[in-house]
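Q: Below is a structure I'd like to ask you about.
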Amino acid sequence: MVVEIASTTFAATAEVALLESESYDPPPGDPDRLEHAARLLGEAKRPLIWVGLGASDACVEIQDLAEHLQAPVVTTRQGKGIVSHRHPLSLGMANPAYKGHKTWLD
């Protein structure tokens, strides 16, 4: 299937009404579940932090957690930069085919 769009369409202008932006406050975490998660992380033998775009507002916290646990961090494509690729615990973008990631995940 081929769709053709006239070049004049891209240069066209029009009046548009912009919608008001909405703010969103995520719900607070359940204290019991957070405590359980913290206990699991603390007991983990080989913790690994997998970071995506949803963590973009928690860069400092993720790096602090990684350093506290001495846990390597891998990111999705959208999570790149949340932890610097220069950080010693950064394994870069997640790729299970990469030998270093596969070794850690096995």
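Please treat every number below as a calculation from the coordinates, not as lab data. Because the structure is predicted, anything quoted here is derived from the model rather than measured. Methodologically, a virtual Cβ is constructed for each residue, glycine included, from the backbone with ideal geometry; neighbour enumeration extends over all protein chains shown.
Q: With point charges of +1 on the Cβ of Lys and Arg and -1 on the Cβ of Asp and Glu, referenced to the Cα centre of the chain, which listed residue (ALA44, ILE62, THR13) lies farthest in the positive direction of the dipole?
A: Checking the options against the dipole of the chain, the answer is ALA44.
Q: To continue, here is another question. Let a ≥ b ≥ c be the square roots of the eigenvalues of the Cα gyration tensor of the stretch 43-99; is it rounded (a/c under 1.5), or, if not, prolate (a/b larger than b/c) or oblate?
A: oblate
Q: If I stretch the segment between LEU34 and ASP64 completely, what's the gain in nm (0.36 nm per residue apart, minus their alpha carbon distance), one decimal?
A: Result for the pair: 9.1 nm of gain on full extension.
Q: If you compute Kirkwood radius over Cα pairs in Å for the structure shown, which of (1) 21.8; (2) 17.4; (3) 16.3 do you land on?
A: The calculated read-out lines up with (2).
Q: Still on this model: When you count, for each residue, the other Cβ atoms within 10 Å and take the mean per peptide, how do 32-42, 69-79 rank with the highest first?
A: 69-79, 32-42
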